[in-house]
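Written out below as C-alpha cells is the structure these notes cover.
The values are calculated or read from the model by the stated rules, or taken from the named source; none is laboratory data. These figures come from a predicted structure and were not determined experimentally. So basically every Cβ, Gly included, is an ideal-geometry build from the backbone, and we count neighbours across all protein chains shown. Only protein heavy atoms, including side chains, enter the accessible area calculation; ligands, DNA and RNA are left aside. Shrake-Rupley method; radii C 1.70, N 1.55, O 1.52, S 1.80 Å.
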Amino acid sequence: MHPMLNVAVKAARAAGKIINRAELDLDQVKVGVKGPNDFVTETDQAAETAIIEVLKQAYPDHAILAEESGASGKSDYEWIIDPIDGTANFIHGYPHYAISIALRVAGNIQQAVVYNPATNDLFTASKGEGAFLNNRRIRVSKRSKPNEFLVGFAFPSGKSEGDQSVKRKMLALTESTAGIRKSGSAVLDLAYVACGRLDGYICFGLKPWDLATGVLLVSEAGGLITDPQGNATYMDTGNAVAGNPKALQYLLSFK
C-alpha cells in the first residue's frame, strides 16, 4: 500500500472509532442544521478533527479541504475530507454512511479512502494501482443492457429535487432500468459503482468532498466518470455521471 494511502486509512479508522462510539447512543448526539435536509453533528466535527490530526502529524505542510472546517494551507498536496458522508443516515441509525479521504496532487486525485465504520467496508485506490474493497481487487460491473442497470441518483439538498428536468430524468430511468437508488451517501454510491453493486450513478450539485474519492475509485476499477455533457467539469460543477462504459453511454443519452 502506498505510504500516503496507508496514512489516510489510519486517519479513517481513527475517525471510525469516534463514529462507532457515538452510534451506540445516538440520542445523546447533538445535531445541527446547515440547510434543508443538510445536517451536522458533533460527531462529524470530532471525526474531522481526528482525521486532520493524523494527516497533519504525517504531512504538516499539506493543505486541507474539509467539509466542516473548510480550506487551510497552500500546497500542491491537498487532502479532501468528508468525515461523515450520509449524516442524515447516521443520526437515524441507518448504517449507510462513510468517511471519505482523498489526496489531490497538483489538481489530480492520487489516493482515495472510503470507509463505512458501521459495516467495516474499506474501499481504497491509488492512481495507476487499481481499486480495492477490503484488500480485494474490484471492478465495475459487466452489465450491458439498460433493463439490467441499477442506478444511483443524488440531488443537492433542497435545491434540484424540485427541478422538473431532474424529475423527468429520474422517472425515465425508473421505467427503463432495473431501478433507481437514492441512498443518501454519494461517496458510497460511487464506491458501489466501482465494485459493481451499482452499474451507474447520476448526481447534481455535489461538493468536491462528495466526489473526490469516487473519481479515483471508479476510474481505477475500469469505469468512467464525466459531467452530464460528457466532459470533465464534474469537480467544478458537482454534476456527474459515472458507470461501467455501457451504463455511462446509456445514462448520457438522457438529457
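A few points about this structure:
- Rounded accessible area of residue 129 (nearest 10 Å², 1.4 Å probe): 120
- Anchor residue 169: aspartates and glutamates whose Cα lies under 19 Å away (excluding residues fewer than 8 positions away in-chain): 148, 161, 189, 199, 227
- Once both labels are positioned 7 Å from their Cα atoms along Cα-to-Cβ, the gap between residue 29 and residue 75 label points is 2.9 nm.
- Candidate values (i) 162, 59, 34; (ii) 48, 41, 32; (iii) 49, 43, 38, label of the one derived for Cα extents along the principal axes in Å: (ii)
- Most to least accessible of 92, 62, 2 (protein chains only, probe 1.4 Å): 92, 2, 62
- Restricting the stretch 67-176 to trypsin sites (Lys or Arg not before Pro) that sit in a DSSP loop and have at most 12 other Cβ atoms within 10 Å of their own Cβ leaves 74, 142.
- Sequence-distant residues sharing a close amide H with residue 154 (under 5 Å, placed H): 202, 203, 204
- Estimated at the nearest 10 Å², the accessible area of residue 175 is 140 Å² with a 1.4 Å probe.
- Separation of the stretch 184-212 and the stretch 82-121, taken as the distance between their Cα centroids, equals 11 angstrom.
- A helix-only calculation puts the chain at -11000 deg cm²/dmol for mean residue ellipticity at 222 nm, using -39500 (n - 2.57) for each DSSP H run of at least four residues, averaged over all residues.
- Cα gyration tensor shape for the stretch 78-161, rounded if a/c is under 1.5, else prolate or oblate: rounded
- Cα-Cα over 31 Å, subset of 74/246; 127/182; 145/182; 10/74; 207/246: 74/246
- Taking 219, 185, 69 as the candidate residues, the one with maximal mean-square fluctuation in a Gaussian network model of the chain, Cα springs under 10 Å, is 69.
- Taking every Cα-Cα distance in the stretch 138-236 and sorting them into 10 Å bins starting at zero, the pair-distance distribution P(r) comes out as 16, 50, 32, 2 percent.
- Amide hydrogen proximity for residue 75: with H placed 1.01 Å from N in the peptide plane, the residues at 5 or more positions away or on another chain lying under 5 Å are 63.
- Inter-label distance for residue 2 and residue 108, nm, one decimal - labels placed 7 Å from Cα along Cα-to-Cβ: 1.0
- Taking the charge dipole of the chain about its Cα centre, with +1 at Lys and Arg Cβ atoms and -1 at Asp and Glu Cβ atoms, the residue from 247, 47, 73 reaching farthest to the positive side is 247.
- For the chain, built as a Gaussian network whose Cα springs stay under 10 Å, the top-fluctuating residue of 84, 180, 225: 180
- Potential lengthening of the chain between residue 119 and residue 164 amounts to 12.6 nm, from the contour at 0.36 nm per residue minus the alpha-carbon distance.
- Here the Gaussian network model covers the chain, with springs between Cα atoms less than 10 Å apart; of 146, 228, 83, 146 fluctuates the most.
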